1. Roughly speaking, what is the stretch gain from residue 73 to residue 130, that is 0.36 nm per residue apart minus the C-alpha to C-alpha distance, in nm to one decimal?
2. Eigenvalues of the Cα gyration tensor times 5, then square-rooted: what semi-axes does that give for the range 65-118, in whole angstrom, largest first?
3. Between residue 59 and residue 83, what is the label-to-label distance in nm when each label sits 7 Å out along the Cα-to-Cβ direction?
4. For the pairs 52/171; 43/162; 81/171; 59/81; 81/170; 52/170, note any where the Cα-Cα span goes beyond 28 Å.
5. If 44, 146 are ordered by their accessible area, calculated over protein heavy atoms with a 1.4 Å probe, which sequence runs from highest to lowest?
6. Tell me whether the range 85-146 comes out rounded, prolate or oblate; compute the Cα gyration tensor, take square roots of the eigenvalues as a ≥ b ≥ c, and use a/c under 1.5 as the rounded threshold.
7. How large is the accessible surface per residue of the range 18-123, computed with a 1.4 Å probe and reported in Å² as a whole number?
8. On the accessible surface of the range 88-176, probed at 1.4 Å, how many percent belong to carbon and sulfur atoms?
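The values are calculated or read from the model by the stated rules, or taken from the named source; none is laboratory data. As the structure is a prediction and not an experimental result, all values here were calculated from the model. Note: ideal-geometry Cβ built from the backbone for every residue, glycine included; neighbour counts use all protein chains shown. Accessible surface is based on the protein model in full, side chains and every heavy atom, while ligands, DNA and RNA are left aside. Shrake-Rupley method; radii C 1.70, N 1.55, O 1.52, S 1.80 Å.
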Amino acid sequence: MAEKAIAKTIPTTADTSTAEDDPSTECAVCLQPCVYPVQLPCKHIFCFLCVKGVTTQSKRCAMCRREIPPDYLLNPELLSKVDLVLEGGRGFEEGGEYWQWFYEGRNGWWVYDERTSQEVEMHYKNGDQRCELLIAGFLYIIDFEHLLQYRRNDPSRRRRVKRDVATGPKKGVAGLRIEQEVVEAVDAAVDVAVDVTVDTADATQAIDDSGSSADGLVDAMNSLTMTAQSPEIQTVQNTRQSSQGQ
């Protein structure tokens with residue numbers, strides 16, 4: 001009953017980020033359908049978290065033993081686009097709110113992937129004191145009494161967990177950073193602003209060189225200058241400078 005109730009409470013989208021309907025993308029590490037499947041340079045496919053677990057240990061593909069680039073986790077090759085903002089906002093409906101399970105990172109909280117969240121929620125609803133899960137190729141214990149997660153073979157490696165509203169602050173989902181998408185969007189907007197500014201300067205210089213004083217062309221240049229100095233573009237440029245400063 002608990003499993004059926006949980007399955008009904010999680011909103012679904014047509015563009016799912018998992019590959020659970022495609023048995024060909026079964027992960028060779030966890031032996032389950034890939035969650036956020038990524039492709040290594042050697043073309044083998046795994047769950048992102050499973051690759052992360054392998055990378056922190058052998059740093060080689062679990063299938064062919066080819067070395068994984070040191071910076072791969074910073075720019076993983078996802079097989080499908082993942083809307084991390086949407087993924088992080090999904091959860092279990094209760095009391096008019098959507099709830100999620102989080103685990104603590106170094107400087108903030110991360111949301112578990114959907115499959116792990118369902119398993120954790122099922123055990124939590126069943127009233128279990130703890131549960132055992134396979135995460136990133138390792139067996140972990142979730143202790144509901146003390147709200148801790150730790151490896152079964154190494155209890156000293158532990159971190160806090162919590163059940164909180166899905167709209168709460170988060171760094172990302174299952175190791176994939178939401179901040180990366182935000183920074184990329186800001187960079188793209190700033191690049192557009194810079195292009196407009198450069199085009200305006202080039203056009204103005206061309207007018208000066210030719211000695212033209214046509215009113216219509218001057219008005220157009222003034223319009224471009226005003227666009228480049230608009231409050232919206234200035235805000236984007238300030239946001240980028242602030243982000244780089246951090």
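1. Contour length minus Cα-Cα distance gives 17.5 nm.
2. Ellipsoid semi-axes (Å, largest first): 28, 14, 10.
3. Calculated label separation equals 3.8 nm.
4. 43/162
5. Ranking 44, 146 by accessible area, largest first, yields 146, 44.
6. Oblate, since a/c reaches 1.5 and b/c is not below a/b.
7. Averaged over the residues of the range 18-123, the accessible area is 52 Å².
8. Carbon-and-sulfur percentage of accessible area, whole number: 43.
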